[in-house]
Amino acid sequence: MPGAPPPRPIPLKDRSTIVFVEKGQLDVIDGAFVLVDANGVRTVIPVGGLAAIMLEPGTRASHSAVSLAARAGTLLIWTGEAGVRLYATGQPGGAQSDRLLWQCRLALDPDARLKIVRRMFQMRFGETAPERRSVDQLRGIEGVRVRTIYQGLARQFGVTWKRRDYDPGNFDISDVPNRCLSAATSCLYGITEAAVLAAGYAPAVGFLHAGKPLSFVYDIADLFKFETVVPEAFRIAGLHAKGKLDKPVDMAVRHACRDAFRRTNILSRLIPSIEEVLLAGELERPEAPEDAVGPAFEDPAPSGDEGQRG
């Protein structure tokens, strides 16, 4: 309302996870965030109650829509078909420098980085990582375990599985199990990136993964992958193989992932897990230099999660 203070954004842990939008114009009409299709049909989207919105091909977004999403703390992600290729995201980087500097300090310290990777191994597999192993060696051990898990899930759901093989630029060229996995992991990466940004960290500064725009997102998403989206991907692939699927596989996977996210309450666990991972590095957050220039004027206290602007 004009003249009234803006409402406080809903904390990430209390939001719904993710929606996919395609073939329409995103706009703000009568104060509401809406998708308008070619026939003029309006679909209202509760932007403030979502962690992320995936914008697929055929979508246009007005300035008002992007502005409202930013104020609400909802991440907009421009993707390829079925969300398997990332083009751009809103609010790149974190919104608090102390957390960014701490993350970078941990990533650049070899001992701290190894401690964090070992902690992620323990959280992922429920056991302590082997002693006297480098990051590369732990990555290799994880790779073997992941392949074993894929093979076990394929047998469980009656899926013919060869190996993880897909082309990010051509979703349809992959076999059905790989297409299901790609669609499933894209859902998980979307909400994980929203959590990383909401907590004030940089998606690109990873520890086990490196050299990618979403390296840290992959690190954190891997902690939850095998209890949420991967089993659902193989289950949907198994239903398709048996002829029991009545919708496109990517749509079925998204719906299954949505239900898995709700069932596991993943949004309430992501940010605490990020903090737990980084605290394993055992380095204190850096203080601002004494000779640093302070702000010219005081900003109001953040109204949403700690890393959100506004």
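The values are calculated or read from the model by the stated rules, or taken from the named source; none is laboratory data. Not measured: the values here are computed from a predicted model. So basically every Cβ, Gly included, is an ideal-geometry build from the backbone, and we count neighbours across all protein chains shown.
Please go through (1) in contact with a helix residue (DSSP H, G or I) (Cβ under 7 Å, 6 or more places away or on another chain); (2) modelled with pLDDT under 95 for residue 278 and return the number of the only condition it doesn't satisfy.
(2)
Assuming residue 223 fulfils every condition listed in (1) in contact with a Lys or Arg (Cβ under 6 Å, 6 or more places away or on another chain); (2) of a type in the set (A, V, I, L, M, F, W, C); (3) over 22 Å from residue 14 (Cα atoms) apart from one, which condition is it?
Exception for residue 223: condition (3).
Residue 69 - would you say it is assigned to a strand (DSSP E or B), under 19 Å from the mean Cα position of the chain (by Cα) and either closer than 26 Å to residue 11 by Cβ or touching a residue at least 40 places away in the same chain (Cβ under 8 Å) (or both)?
Considered against the rule, which asks whether it is assigned to a strand (DSSP E or B), under 19 Å from the mean Cα position of the chain (by Cα) and either closer than 26 Å to residue 11 by Cβ or touching a residue at least 40 places away in the same chain (Cβ under 8 Å) (or both), residue 69 comes out as no.
Can we say residue 91 is not small (Gly, Ala, Ser) and not in a loop (DSSP other than H, G, I, E, B)? Before you say what the answer is, go through the steps one by one.
Working: not small (Gly, Ala, Ser): yes; not in a loop (DSSP other than H, G, I, E, B): no.
Considered against the rule, which asks whether it is not small (Gly, Ala, Ser) and not in a loop (DSSP other than H, G, I, E, B), residue 91 comes out as no.
The rows are residues; the columns are (1) assigned by TED's automatic domain parsing to the domain that holds residue 54; (2) more than 22 Å from the chain's Cα centre (by Cα).
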{"residue": "80", "(1), (2)": "yes, no"}
{"residue": "113", "(1), (2)": "no, no"}
{"residue": "125", "(1), (2)": "no, no"}
{"residue": "150", "(1), (2)": "no, no"}
{"residue": "154", "(1), (2)": "no, yes"}
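Quick check on region 177-197. Is at least one of its residues in contact with a Lys or Arg (Cβ under 8 Å, 6 or more places away or on another chain) and assigned to a loop (DSSP other than H, G, I, E, B)?
Scanning region 177-197, I find no residue that is in contact with a Lys or Arg (Cβ under 8 Å, 6 or more places away or on another chain) and assigned to a loop (DSSP other than H, G, I, E, B), so the answer is no.
Would you be able to tell me the number of residues in region 230-253 that are within 16 Å of residue 19 (Cβ to Cβ) and in contact with a Cys (Cβ under 6 Å, 6 or more places away or on another chain)?
1
Return the pair list, or none, for Cβ contacts closer than 7 Å from residues in region 143-160 that are under 23 Å from residue 243 (Cβ atoms) to residues that are buried (at least 16 other Cβ atoms within 10 Å of the Cβ) and among the small types (Gly, Ala, Ser), at least 6 apart or on different chains.
Listed by first residue and then by second, the contacts come to 157/237; 157/238; 158/238; 159/237; 159/238.
Hey, can you tell me all the residues within region 38-48 that are in a loop (DSSP other than H, G, I, E, B) and within 27 Å of the chain's Cα centre (by Cα)?
Of everything in region 38-48, those that are in a loop (DSSP other than H, G, I, E, B) and within 27 Å of the chain's Cα centre (by Cα) turn out to be 45, 46.
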